[in-house]
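A short worksheet on the structure shown next.
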Amino acid sequence: MATDQFQSPDYFLVDDLLTDEQKLIRETVRSYVKKEISPIIEDFAQRAEFPEQIVPQLGDLGCFGPTIPAEYGGGGLDYISYGLMMQELERGDSGVRSTASVQGSLVMFPIHAYGSEEQKQKYLPKLASGEWLGCFGLTEPDHGSNPAGMITNIKDAGDDVVLNGAKLWISNAPFAQVAVVWAKDEAGDVRGLIVERGMEGFTTPTTHGKWSLRASATGELVFDNVRVPKENILPGVKGLKGPLSCLTKARYGIAWGALGAAMDCYDTALRYSKEREQFGKPIGAFQLQQKKLAEMITEITKGQLLNWRLGVLMNEGRATPQQVSMAKRNSCDVATNIARQARQMLGGMGITGEYSIMRHMMNLESVITYEGTHDIHLLITGMDVTGINAFG
Ligand code: FAD
C-alpha cells in the first residue's frame, strides 16, 4: 500500500470550533493510525485476519471507553473528543473503529451505566486497558432489525441462571474474553448478562467469507445450557432500552467514524486527480472529475457540521436517539457514495489494495448495515417527525 499521506479536509474551518484538547486528541490518534494502522491494515484485510496487536495499543491510546470516568480506567473525555477518535480510527479502517466502538460503547458503557459497583471494578479497568476484549450480543439468526423478537433466554437456577440461545454477526466475538449478552428472562423482560469465555457450554465460532470488515473478527455466540452466576446480571436495567441505549452511543461514534472513511477516500482521490495524467492533462482538470470532488467536499463539510453539533448536544445531555440516528444514517450514506465515486476516479488502480478506497468501500457496506440499517434509521426519523410508527 502507498505511504499514508492523509491531509484532513476542513473546508469550513470546523477546526475553529474545537478546543485545543480536542485537537490534540485527534492528532494523537491520527499519528497512531499513520504509524501503526496504515502500514499493516491492507495486508490483514486481504488475509481476513484480525490484527490482535491493536487491542492493547488502542487501550494505551485511551480509545476504549473515552467518556467513562477515569476512576474506572476510562478517559473522562467529552463526546466531541470521542467522536474525533472514532473519525481518525475509521479513517484508517472501519474494522479498527468497530473494535473500539464495541469495546467502549457496547461493552464498557452498559457495565458502567447499569452494572453493580463490583462489576464495574472487576471489568472496566481491564477493558479500558485492552487487557480484555469484549463483545456485544444482541442480533440473532432470526432477529436482526427487530431485536424485540429475541429467543435467547435465561431460566432461574438458584444462584445461577441457565442461558440458552445464539447470537449472530458479533464483532470481536472470536477474540473476546467477555460478552455482554441480551436475553429474555422468564417474565419476558430483556436482561443484560456478562458472560465470560470459559463458562461451560459457551462457544464463539468465527464467521468466514466476509467481503467487508475483513480485518475485524466476527463470530457467533452459542449458549448451550450455560450457567451464569446471578451476580453477572446487570442490575440497573430491564427491557430493550438497555441494548438500545448502548446502540445510541455506538451509532454516535459511527456518525463520526464513517465520515472519517469518507475523508480518506476524498483525500486520496483529490491527490490522485492532480498526479494522474490522461489526454495530456491531470484528470483533475476535467470538469467531470471536479464535479465529483466538489460534491464530495460539500457532503463531507455538511457531515462535519452535523457531527460537531450533535457532539455539543451529547455533551449537554440534550441529544435524542433520533438525532443520533439521523447522523449515523447521513454519514454512512455520504461515505458509501463518496467511496464509490472516489474509487472510480482512480480507474483500475482503484480496485487494488495499493490504495485504501476499495477497502473502505467494502467496509462501509457493513457500517451502513449494522447498528440499525439505512432503512431502519429512516423509519426512526420518519416516526419522529410524523409520530406514526411505520415499522410493523
Ligand atoms: P434484517 O433485519 O433481516 O433486514 C434485512 C433487510 O430488511 C434490510 O434491508 C432492512 O433494512 C430491511 N427491513 C427490516 N425491517 C424492516 C422494516 N420494518 N421496514 C422496512 N425494511 C425493513 N449485531 C450485534 O448484536 N453485535 C455486533 O457486534 C454486530 N456486529 C456486526 C458486524 C457486522 C460485520 C455485521 C454485518 C453485522 C453486525 N451485527 C451485530 C448485526 C447487525 O446489527 C444486523 O446485521 C443488522 O441489525 C440488520 O439485521 P439483519 O442482518 O438480520 O437484517
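The values are calculated or read from the model by the stated rules, or taken from the named source; none is laboratory data. As the structure is a prediction and not an experimental result, all values here were calculated from the model. Glycine gets a Cβ as well: all are built from the backbone with ideal geometry, and neighbour counts include every protein chain shown. These area figures cover heavy atoms from the full protein model, side chains too; ligands, DNA and RNA do not enter into them. Shrake-Rupley method; radii C 1.70, N 1.55, O 1.52, S 1.80 Å.
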Practice prompt. Of all residues in the range 213-254, count the ones that are touching a strand residue (DSSP E or B) at 6+ places or on another chain (Cβ under 9 Å), among the hydrophobic types (A, V, I, L, M, F, W, C), in a loop (DSSP other than H, G, I, E, B) and under 30 Å from L89 (Cα atoms).
Written response: 4
Practice prompt. Could you tell me which residue of the range 312-357 is farthest from the chain's Cα centre (by Cα), considering only residues that are within 20 Å of I80 (Cα to Cα) and of a type in the set (S, T, Y)?
Written response: T320
Response to the item:
Filter the range 132-148 for residues that are in a loop (DSSP other than H, G, I, E, B) and over 15 Å from A217 (Cβ atoms); the one that is least open to solvent (accessible area, probe 1.4 Å) is L138
Item to complete: Working only within the range 148-161, note down all residues that are within 12 Å of the ligand (Cβ to nearest atom) and under 23 Å from K230 (Cα atoms).
Response: A148, M150, T152
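Any idea which of T152, T139 is of a type outside the set (A, V, I, L, M, F, W, C), at pLDDT 95 or above and in contact with an Asp or Glu (Cβ under 8 Å, 6 or more places away or on another chain)? Full working, then the answer.
Values: T139 fails: in contact with an Asp or Glu (Cβ under 8 Å, 6 or more places away or on another chain).
On inspection, the qualifying residue turns out to be T152.
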Worksheet item: Out of all the residues in the range 42-55, which are under 25 Å from K126 (Cα atoms) and part of a helix (DSSP H, G or I)?
Response: I54, V55
Fill in: Positions within the range 168-189 being near the ligand (Cβ under 9 Å from one of its atoms), in contact with an Asp or Glu (Cβ under 9 Å, 6 or more places away or on another chain) and of a type outside the set (V, I, T), in sequence order
L168, W169, A173
Item to complete: Out of I54, I25, I41, I68, report the one residue that is of a type in the set (A, V, I, L, M, F, W, C), under 23 Å from I351 (Cα atoms) and in contact (Cβ under 8 Å) with a residue 12 or more places away in the chain.
Response: I41
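Among helices (runs of 4 or more DSSP H) lying entirely in the range 287-392, which contain 2 or more residues that are open to solvent by less than 40 Å² (accessible area, probe 1.4 Å) and free of Cβ contacts under 8 Å to residues at least 60 places away in the same chain? It would help to see each step written out before you state the result.
Numbers: elements: 287-315, 321-345, 357-367, 374-386.
Because the criterion is at least 2 residues that are open to solvent by less than 40 Å² (accessible area, probe 1.4 Å) and free of Cβ contacts under 8 Å to residues at least 60 places away in the same chain, the helices (runs of 4 or more DSSP H) in the range 287-392 that meet it are 287-315, 374-386.
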Worksheet entry | Filter result for the condition that a residue is surrounded by fewer than 24 Cβ atoms within 10 Å (Cβ to Cβ), in contact with a strand residue (DSSP E or B) (Cβ under 8 Å, 6 or more places away or on another chain) and hydroxyl-bearing (S, T, Y), over Y79, Y114 | Y114
Worksheet entry | Residue match in the range 224-233 (condition: touching a Ser or Thr at 6+ places or on another chain (Cβ under 9 Å), among the basic types (K, R) and more than 25 Å from G317 (Cα to Cα)) | no
